[in-house]
Amino acid sequence: MRLITLGTAHGNPTLTRFNSASLLEVNGALYLFEAGAPVNALMIRQGFDFDSLHGVFVSHAHEDHIGGLPGLIKSLNKRPENAVKTAVFLPEQQTVDAVTAFVGATHRMWGEHVLDMKVICPGEIFRDENIRVTAYLTDHFSNENKSFPSYAFAVDAGGKRVVFTGDLSRKLEDFPLAAFDRPAVCVMECQHYRPEIAGAVLSKLPVSRFIGVHISDKWDKDPAGFAAALGEHRFPVELAADAMEFEL
Ligand SMILES: [Zn+2]
Ligand SMILES: [Zn+2]
């Protein structure tokens, strides 16, 4: 299994980072976690084939996580009719409606064979011959005193687990603890909390490896400082950059 961090910026793109998007490659099939812009361009630049994209999983409706969807859908639309149908999981019905309306307004509505859009519910949301994906409700919007759904995802593949936290709340009271009922790689956002708080949470869990994404400006300049501020931890800590690959 391979993780490719296509885009690793916090909420705004920077000089060196595009918005959130990570690919998981399992047995040659691709699964996309977050669809920040310009995700289709980044896939093309790194030589990934849209024919292999089986699933898209978006944690919440903020534009830095869904902004690449119209371009991605255009690229999916160009696949041959016998290509795999992509399952696209979005956090809210209004997100589905908005993306559908936007793509419709650009007169590039997808064919029936191209993709299926579904609204996420907590629990198992996807299973195929390669992976199983479970969604855990988080509370990212509490940072703005709002209440909309946001999700973390646990992926089980080949006896391994990878957890994508999505964006979280400042105090990490919504950290998806239940996803760590077995050893797991933690692919975690590094923007909305102080690392000391994360260190206290993670040190009690069977985290095998920490890979940081959604990197704040502070930790972009000082990745070693992030790892140090976590406090004592037994797992390796890496902060990802755009276009990095990790063998998991
Ligand atoms: Zn974000
Ligand atoms: Zn967000």
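The values are calculated or read from the model by the stated rules, or taken from the named source; none is laboratory data. Here the structure is a predicted model, which means the values were calculated and not measured. Cβ placement follows ideal geometry from the backbone for every residue including glycine, while neighbour counts extend to all protein chains displayed. Ligands, DNA and RNA are excluded from the accessible area calculation, which covers all protein heavy atoms including side chains. Shrake-Rupley method; radii C 1.70, N 1.55, O 1.52, S 1.80 Å.
Sequence-distant contacts, meaning Cα pairs under 8 Å at least 6 residues apart, place the relative contact order of the chain at 18 percent. What the range 1-99 shows is 35 Å² of accessible area per residue, with the surface traced by a 1.4 Å probe over protein heavy atoms.
On the basis of the beta-carbon distance and an R0 of 25 Å, Cys121 and Glu63 show a calculated FRET efficiency of 0.65. Between Glu232 and Leu177, the modelled labels are 2.1 nm apart [label points 7 Å from Cα along Cα→Cβ]. Rounded to the nearest whole Hz, the Karplus-based 3J(HN,Hα) values (6.51 cos²θ - 1.76 cosθ + 1.60, θ = phi - 60°) of the range 209-218 follow the sequence 6, 10, 10, x, 10, 6, 7, 6, 4, 4, with x at glycine and proline. Calculated on C-alpha atoms, the gyration radius of the chain divided by its Kirkwood radius gives an Rg/Rh of 0.94. Straightening the chain between Arg209 and Glu112 buys 31.0 nm, computed as 0.36 nm per residue apart minus the Cα-Cα spacing. If the chain linking Arg2 and Asp97 were pulled fully straight, counting 0.36 nm for each residue of separation and taking away their Cα-Cα distance, it would gain 31.0 nm.
Whenever you get a sec, compute what percent of the accessible area on the chain sits on carbon and sulfur atoms (1.4 Å probe). It is 52 percent, rounded to a whole number. Each of Ala87, Val114, Phe50 was scored by the projection of its Cα onto the charge dipole of the range 2-247, and the greatest displacement toward the positive side belongs to Phe50; charges sit on the C-beta of Lys, Arg, Asp and Glu. Measuring between alpha carbons in the structure, the pairs from Lys118/Lys146; Lys171/Lys221; Lys118/Lys160; Lys146/Lys218; Lys85/Lys221; Lys146/Lys204 lying more than 32 angstrom apart are Lys85/Lys221. 3J(HN,Hα) couplings calculated from phi for the range 190-199 with the Karplus curve 6.51 cos²θ - 1.76 cosθ + 1.60 (θ = phi - 60°) are, in sequence order, 10, 9, 9, 9, 7, x, 4, 5, 5, x Hz; Gly and Pro show x. Taking the helices alone, the chain has a mean residue ellipticity at 222 nm of -5500 deg cm²/dmol, built from -39,500 (n - 2.57) per DSSP H run of at least 4 residues and averaged over all its residues. Summing charges over neighbours of Arg194, with a neighbour being any other residue whose Cβ is under 12 Å away from its Cβ, gives +2 when K and R count +1 and D and E count -1. Applying 1/(1 + (r/R0)^6) with r as the Cβ-Cβ distance of Ala241 and Ala200 and R0 = 30 angstrom yields a FRET efficiency of 0.65.
When +1 charges are put on Lys and Arg Cβ atoms and -1 charges on Asp and Glu Cβ atoms, the dipole computed for the chain relative to its Cα centre reaches about 160 debye. DSSP bridge analysis restricted to the range 2-247 gives an antiparallel fraction near 55%, rounded to the nearest 5. Across the range 162-175, computed HN-Hα scalar couplings (Karplus, 6.51 cos²θ - 1.76 cosθ + 1.60, θ = phi - 60°) run 10, 10, 9, 6, x, 7, 10, 8, 4, 8, 6, 5, 9, 4 Hz from first to last residue, x flagging Gly and Pro. Once the Cβ-Cβ distance of Asn27 and Leu137 is raised to the sixth power relative to R0 = 30 Å, the FRET efficiency obtained is 0.55.
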